[in-house]
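Undergrad: Here's a structure for you.
The values are calculated or read from the model by the stated rules, or taken from the named source; none is laboratory data. Since the model is a prediction, treat every value here as computed from it, not as a measurement. No Cβ is skipped: glycine too gets one built from the backbone with ideal geometry, and neighbour counts run over all protein chains shown.
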Amino acid sequence: MEQGGNRNTQKLLMDRSVPGRVGCILPDSDVPFQALPPVNLLRNSLPLPEVSEPEVVQYFTGLSHKNFSIDTHFYPLGSCTMKYNPKINDEIAFSPGFAQIHPLQPEESSQGALNLLFDLQQYLAEITGMDGVGLSTLAGAHGEFAGMLMIRAYHQQNKDFGRLKVAIPDSAHGTNPASAAMSGFDVITIPSDDNGNIDVKFLKSIAGPELAGAMITLPSTLGIFDTNIVEVCEIVHKAGGLVYGDGANMNALLGRAKLGELGFDVIHLNLHKTFSTPHGGGGPGAGPVCAKNILLPYLSAPIVTCNESNYSLTRPKHSIGRISGFQGNFGVLVRAYTYIRTLGAQGMKSISGNAVLNANYIMDSLKDIYDLPFNRTCMHEVVFSAQSKKANDVTGLEIAKRLLDYGFHAPTMYFPLIVDEALMIEPTESETKETLDAFIDAMREIDKEISTNPQIVKEAPHSTPVSRLDEAHAARSPNLKWEPVK
Amino acid sequence: MTNTGDFQSHYIPNTTDEQREMLSNIGASSVDELFGDIPSKYRNPELKLPDPLSEIEIVKELSALANKNRTLTSGPSFLGAGSYHHFIPAAIKPLMTRGEFLTAYTPYQPEVSQGTLQVIYEFQSLISNLFGMEVANAGMYDGATSLAEGVLMACRVTKRNTVTISATVSPKYLEVISTYCQAQGISIEMFNPEIPETNKKSACMVVQYPNYYGYVENINKIKESAHASGSLLVVAADPTSLGMFKAPGEYDADIATGEGQSLGIPSSYGGPYLGLFTCKKEFIRQMPSRLVGKTVDKNGQSGYVLTLQTREQHIRRERATSNICTNEALYALASTIYLALLGKTGLKQVAELCYQKAHYAANEINKLNNYSLPINTPFFKEFIISCPRSPSNINKILMKDNILGGYDVSEHIDNGMLLCVTEMNTKEDIDQLVKSLSEV
């Protein structure tokens with residue numbers, strides 16, 4: 001129940017504004033007065049709110065109550081790896097020795113930061129079986145873009161200008177084709193075979209002198225380990241192409257397999273998934289690029305190098321260039337470093353082991369009532385199809401919305417695109433068996449409702465701060481910012 | 001594998017008994033068996049990482065690394081050039097690190113993400129107001145990538161594939177633009193902002209405001225040249241300067257971007273920062289990144305949703321306006337709280353304090369023998385001084401007095417040092433800098 005008065009969150013900041021209120025006090029100028037610039041350069045009005053500090057704190061605290069989050073709810077959003085975000089990682093990232101340093105200060109005054117980045121590059125290379133790592137890419141899709149530009153630069157350096165096509169499975173995240181397009185490639189979609197693996201026969205038919213490479217997610221977005229993967233990499237290599245790996249699902253493979261050994265040439269990691277850094281409601285993330293020797297000269301600038309225990313920022317020889325303002329999302333990198341040092345090698349294996357165990361436990365506990373498009377051991381996530389519930393006129397989306405009433409965040413819906421009415425569930429390793437059991441109970445309860453009282457599912461959610469929102473209206477007449485009442 | 005016995009993590013709750021119970025439900029004999037799809041040759045590779053550390057140990061080890069870094073607060077600092085040391089009100093951190101904000105995903109389920117969605121709508125509103133622009137998106141990675149995406153968008157809007165960039169745009173921004181353009185057949189030309197010229201092939205004229213060296217250029221003149229050729233005006237603005245200087249919208253900018261780090265985000269060795277992105281409303285369907293819109297639920301209650309998603313990669317795939325997905329929502333929250341706290345009067349005060357102190361510093365340095373101010377144009381919080389010898393050499397000497405000097409721009413301006421003065425610098429700091437410079 002929302003409170004009244006200022007603590008009610010309905011009113012926007014501009015409508016809360018009361019002339020004369022201030023939210024912070026600044027010191028008076030301590031220097032002699034300096035003449036102002038010509039008046040024609042200055043603005044006349046600054047339409048920002050006038051609110052006091054208590055109001056701001058109460059308003060934003062109130063807004064926070066309208067969110068589900070890992071700290072408050074089970075969040076089995078498939079492909080997003082919503083695992084616990086350790087608090088110590090935040091504390092270290094916010095410490096003055098890391099948060100209060102300038103990206104351009106002389107290298108001799110930031111050796112601690114550079115040392116940390118250098119070590120992180122080594123750890124990520126070791127975990128992925130790659131030869132080197134660049135950290136300047138700021139999110140997963142940003143890493144994809146850098147990696148695909150590296151593949152392009154590699155072919156150009158070899159004067160192999162005809163390689164303009166990139167093969168991408170139909171199960172891929174939308175960022176893959178979008179990143180390939182931004183890197184100047186045409187996309188060829190590869191179908192999946194009856195087991196959910198990449199259709200090798202199709203891949204062979206398109207592997208030729210025009211193929212620049214393939215972009216592959218492993219485990220795939222179907223939550224399964226593609227058993228053809230080694231052959232897939234060989235086919236692409238034999239045709240003269242390179243293999244890009246989308247590391248979004250690395251939580252399944254930590255300590256279990258190294259993408260570099262399987263045949264991948266360049267991959268990105270999502271530190272905000274696998275390496276526990278908080279997602280923040282949509283970032284910041286970090287998407288380091290890990291590459292084999294042949295591609296290291298093309299990494300985006302800068303990377304950290306070490307010469308006789310002296311660390312510095314360096315530009316790789318054939319770098320695709322600078323892809324972000326400075327040297328990466330350092331605060332996120334500090335968190336991931338802390339996580340890796342806290343867990344070690346055994347911890348990496350324990351993460352993947354428990355993540356995969358938990359997903360299989362959910363799969364096994366629900367497969368009698370929700371359809372499995374591919375009935376095989378899953379990795380870190382399980383994809384069900386709610387197709388059969390259509391008989392009762394209930395869709396996957398409605399099941400997802402009903403879960404919100406049970407106090408669980410919804411799974412990823414309608415993705416991957418190749419599964420009808422997909423519900424993609426990723427429990428992660430950091431949830432207890434009690435939580436998994438409660439979630440399983442809720443899914444079974446909803447299944448009963450679908451046959452006994454489908455209306456309650458169809459109209460869900462019922463207990464959330466707002467009910468189903470009119471998205472069509474939002475898109476038809478976009479209202480994208482506060483406007484003064486006329 | 002076990003989570004008990006020889007290895008245990010406080011982040012992983014399953015005990016050996018619970019694992020056994022779950023395995024027996026599944027009908028598997030071990031966790032390793034679940035990884036049977038990985039070809040055995042590649043399964044369970046050797047993994048060499050340092051031994052795990054307890055919280056006590058990790059804090060000790062990382063404090064030792066942190067202590068090797070010279071912090072901005074440990075002595076007078078005059079370094080800017082794209083990352084700025086501004087005041088961050090204490091209320092921001094406890095609000096942004098609330099688990100409900102910090103540990104939520106992108107708001108794909110609006111019914112349980114109204115907190116994040118309303119914050120982003122507030123962010124779009126306040127950034128639009130600050131920039132004097134019609135629309136702002138939910139944020140980009142940082143100032144450099146935001147400008148690069150602005151350039152790509154100008155090419156989509158105008159269907160032209162040449163861009164014209166001012167010679168006084170940050171060299172780092174220019175490099176990122178060039179990286180973003182390299183595969184898309186877009187060619188880059190430069191222009192002199194004092195005699196701005198472009199042509200009918202150019203999608204946009206790009207100007208930084210204030211420019212990389214801190215100076216405010218004649219944006220009107222650049223705008224006239226751009227619009228006369230049917231090119232868009234793209235302005236990369238410092239949001240703090242907009243507390244006192246005219247907004248990009250007042251210059252009829254078509255696209256205006258910015259580095260949001262100054263709005264309540266620590267320097268943090270270069271990231272995470274926040275890309276600001278605004279434009280005219282007529283271009284919204286060509287915008288990159290997320291947008292939040294206001295709508296109603298089925299009971300007529302107002303609420304917020306991600307909108308115009310058909311522009312985005314998860315729907316449009318290779319035909320999306322950008323590949324951007326995860327961006328910097330947490331720092332959009334930080335900057336929204338910052339703008340709420342500073343507000344109408346506070347942001348103006350911050351801007352004026354920067355201006356006053358920077359001009360005091362410039363005037364005092366100009367009085368020194370051997371130093372001069374080579375550029376005589378209005379500036380905001382940064383300016384160039386000509387030094388008697390190499391700026392990097394001078395910086396080494398300043399560091400002996402525990403002063404973090406300016407940025408060496410001698411590559412572009414003879415013995416030029418780019419100094420930055422903000423509200424965080426006291427008169428005492430500045431006088432100390434002037435004294436140390438005089439003793440060089």
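Undergrad: Inside segment B:131-151, can you point out the residues that are facing chain A (nearest Cβ under 7 Å) and assigned to a helix (DSSP H, G or I)?
TA: Within segment B:131-151, B:Gly143, B:Ala144, B:Thr145 meet the criteria.
Undergrad: Now a separate question. Of all residues in segment B:152-166, how many are without any contact (Cβ under 8 Å) to a residue 60 or more places away in the chain and assigned to a helix (DSSP H, G or I)?
TA: 1
Undergrad: Starting from segment A:11-31, take each residue that is facing chain B (nearest Cβ under 7 Å) and list its partners that are among the acidic types (Asp, Glu) and in a loop (DSSP other than H, G, I, E, B), counting only C-beta distances under 6 angstrom and pairs at least six apart or across chains.
TA: No pair meets every condition.
Results for (1) within 30 Å of B:Gln19 (Cβ to Cβ); (2) in a loop (DSSP other than H, G, I, E, B); (3) outside the structural domain of A:Pro49 (by TED's automatic domain parsing), shown as yes or no for each residue.
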residue: A:Ala410; (1), (2), (3): yes, yes, yes
residue: A:Ser430; (1), (2), (3): yes, yes, yes
residue: A:Ile446; (1), (2), (3): yes, no, yes
residue: A:Ser463; (1), (2), (3): no, yes, yes
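Undergrad: Can you tell me which condition A:Gly62 does not meet? The list is (1) over 28 Å from the mean Cα position of the chain (by Cα); (2) in contact (Cβ under 8 Å) with a residue 24 or more places away in the chain, and all the others hold.
TA: Looking at each condition in turn, A:Gly62 falls short on (1).
Undergrad: Counting only residues that are in contact with a helix residue (DSSP H, G or I) (Cβ under 9 Å, 6 or more places away or on another chain) and more than 8 Å from every other protein chain (Cβ to nearest Cβ), how many does segment A:302-333 have?
TA: The total comes to 14.
Conditions tested, residue by residue: (1) under 22 Å from B:Leu117 (Cα atoms); (2) more than 7 Å from every other protein chain (Cβ to nearest Cβ).
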{"residue": "A:Pro37", "(1), (2)": "no, no"}
{"residue": "A:Leu41", "(1), (2)": "no, no"}
{"residue": "A:Asn44", "(1), (2)": "no, yes"}
{"residue": "A:Glu55", "(1), (2)": "yes, yes"}
{"residue": "A:Leu63", "(1), (2)": "yes, no"}
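Undergrad: Follow-up. Of all residues in segment A:199-221, count the ones that are out of contact with any helix residue (DSSP H, G or I) (no Cβ under 8 Å at 6 or more places or on another chain), surrounded by fewer than 24 Cβ atoms within 10 Å (Cβ to Cβ) and among the β-branched types (Val, Ile, Thr).
TA: Matching residues across segment A:199-221 total 1.
Undergrad: Across segment B:389-412, which residue is farthest from the other protein chains (Cβ to nearest Cβ) among those that are touching a Leu at 6+ places or on another chain (Cβ under 9 Å) and in a loop (DSSP other than H, G, I, E, B)?
TA: Among those that are touching a Leu at 6+ places or on another chain (Cβ under 9 Å) and in a loop (DSSP other than H, G, I, E, B), it is B:Asp401.
Undergrad: Something else about it: Residues that are closer than 30 Å to A:Pro191 by Cα and within 19 Å of the chain's Cα centre (by Cα): does segment A:114-127 have at least one?
TA: The answer is yes; a qualifying residue exists.
Undergrad: With the structure loaded, tell me whether A:His65 is surrounded by fewer than 23 Cβ atoms within 10 Å (Cβ to Cβ) and more than 26 Å from A:Leu254 (Cβ to Cβ) or whether it fails that test.
TA: In short, yes.
Undergrad: Scanning segment B:94-118 for residues that are under 23 Å from the mean Cα position of the chain (by Cα) and more than 7 Å from chain A (Cβ to nearest Cβ), which turns out farthest from B:Lys396 (Cα to Cα)?
TA: Among them, the one singled out is B:Leu117.
Undergrad: At least 3 residues that are within 10 Å of chain B (Cβ to nearest Cβ), under 26 Å from A:Asn310 (Cβ atoms) and of a type in the set (A, V, I, L, M) in each: list the helices (runs of 4 or more DSSP H) lying fully within segment A:95-178 that qualify.
TA: A:111-128
Undergrad: Any residue in segment A:462-486 that is more than 7 Å from chain B (Cβ to nearest Cβ) and modelled with pLDDT under 95 sitting within a Cβ distance under 9 Å of a residue that is surrounded by fewer than 19 Cβ atoms within 10 Å (Cβ to Cβ) and assigned to a loop (DSSP other than H, G, I, E, B)? List the pairs, counting only those 6 or more apart or interchain.
TA: A:Pro484/A:Pro47
Undergrad: Output the residue which, of all residues in segment B:24-66 that are touching a helix residue (DSSP H, G or I) at 6+ places or on another chain (Cβ under 6 Å) and under 14 Å from A:Ile92 (Cβ atoms), is surrounded by the most Cβ atoms within 10 Å (Cβ to Cβ).
TA: B:Leu62
Undergrad: Consider A:Pro49 carefully, then state whether it is in contact (Cβ under 8 Å) with a residue 24 or more places away in the chain and either more than 19 Å from B:Glu122 (Cα to Cα) or surrounded by fewer than 22 Cβ atoms within 10 Å (Cβ to Cβ) (or both).
TA: no
Undergrad: Of all residues in segment A:65-94, which are touching a residue at least 60 places away in the same chain (Cβ under 8 Å) and not in a loop (DSSP other than H, G, I, E, B)?
TA: Of everything in segment A:65-94, those that are touching a residue at least 60 places away in the same chain (Cβ under 8 Å) and not in a loop (DSSP other than H, G, I, E, B) turn out to be A:Asn67, A:Phe74, A:Leu77, A:Ile88, A:Asn89, A:Asp90, A:Ile92, A:Ala93.
Undergrad: Right, here's the next one. Would you mind finding the one in A:Lys389, A:Lys458 that is more than 25 Å from B:Val296 (Cβ to Cβ) and modelled with pLDDT of 95 or more?
TA: Every option except A:Lys389 fails the conditions.
Undergrad: Given the conditions (1) more than 7 Å from chain A (Cβ to nearest Cβ); (2) surrounded by fewer than 23 Cβ atoms within 10 Å (Cβ to Cβ); (3) in a helix (DSSP H, G or I), and given that B:Tyr360 satisfies all but one, which numbered condition is not satisfied?
TA: Here B:Tyr360 clears every test but (1).
Undergrad: Here's another thing I want to ask about it. Kindly establish whether B:Val169 is in a helix (DSSP H, G or I), among the β-branched types (Val, Ile, Thr) and away from every other protein chain (no Cβ under 12 Å).
TA: No.
To keep it simple, each residue is scored yes or no on (1) over 19 Å from A:Phe145 (Cβ atoms); (2) surrounded by fewer than 24 Cβ atoms within 10 Å (Cβ to Cβ); (3) in contact (Cβ under 8 Å) with a residue 24 or more places away in the chain.
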site: A:Gly223; (1), (2), (3): yes, no, yes
site: A:Asp226; (1), (2), (3): yes, no, yes
site: A:Ile235; (1), (2), (3): yes, yes, yes
site: A:Ala239; (1), (2), (3): yes, yes, yes
site: A:Val243; (1), (2), (3): no, no, yes
site: A:Gly247; (1), (2), (3): no, no, yes
site: A:His268; (1), (2), (3): no, no, yes
site: A:Leu271; (1), (2), (3): no, no, yes
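Undergrad: Residue by residue through segment A:250-273, note down the ones that are part of a loop (DSSP other than H, G, I, E, B) and within 13 Å of another protein chain (Cβ to nearest Cβ).
TA: Result: A:Leu253, A:Leu254, A:Gly255, A:Arg256, A:Ala257, A:Lys258, A:Gly263, A:Phe264, A:Asn270, A:Leu271, A:His272, A:Lys273.
Undergrad: Any residue in segment A:371-388 that is touching a residue at least 60 places away in the same chain (Cβ under 8 Å), under 17 Å from A:Glu445 (Cα atoms) and not in a strand (DSSP E or B)?
TA: No, segment A:371-388 contains no residue that is touching a residue at least 60 places away in the same chain (Cβ under 8 Å), under 17 Å from A:Glu445 (Cα atoms) and not in a strand (DSSP E or B).
Undergrad: Here is a follow-up. Looking at A:Gly280, A:Gly285, A:Gly263 in this structure, which one is in contact (Cβ under 8 Å) with a residue 40 or more places away in the chain and in the same structural domain as A:Ala93 (by TED's automatic domain parsing)?
TA: Being in contact (Cβ under 8 Å) with a residue 40 or more places away in the chain and in the same structural domain as A:Ala93 (by TED's automatic domain parsing) holds for just one of A:Gly280, A:Gly285, A:Gly263, which is A:Gly285.
Undergrad: Out of B:Thr116, B:Thr106, report the one residue that is polar (S, T, N, Q), assigned to a loop (DSSP other than H, G, I, E, B) and in contact (Cβ under 8 Å) with a residue 40 or more places away in the chain.
TA: B:Thr106
Undergrad: Does at least one position in segment A:186-198 carry a residue that is in contact (Cβ under 8 Å) with a residue 60 or more places away in the chain, assigned by TED's automatic domain parsing to the domain that holds A:Gln156, crowded, with 18+ Cβ neighbours inside 10 Å and of a type outside the set (A, V, I, L, M, F, W, C)?
TA: Yes, segment A:186-198 has at least one match.
Undergrad: I've got another one for you. Go through B:Pro45, B:Pro39, B:Pro50 for me and flag whichever is facing chain A (nearest Cβ under 7 Å) and in contact with a Phe, Trp or Tyr (Cβ under 9 Å, 6 or more places away or on another chain).
TA: B:Pro50
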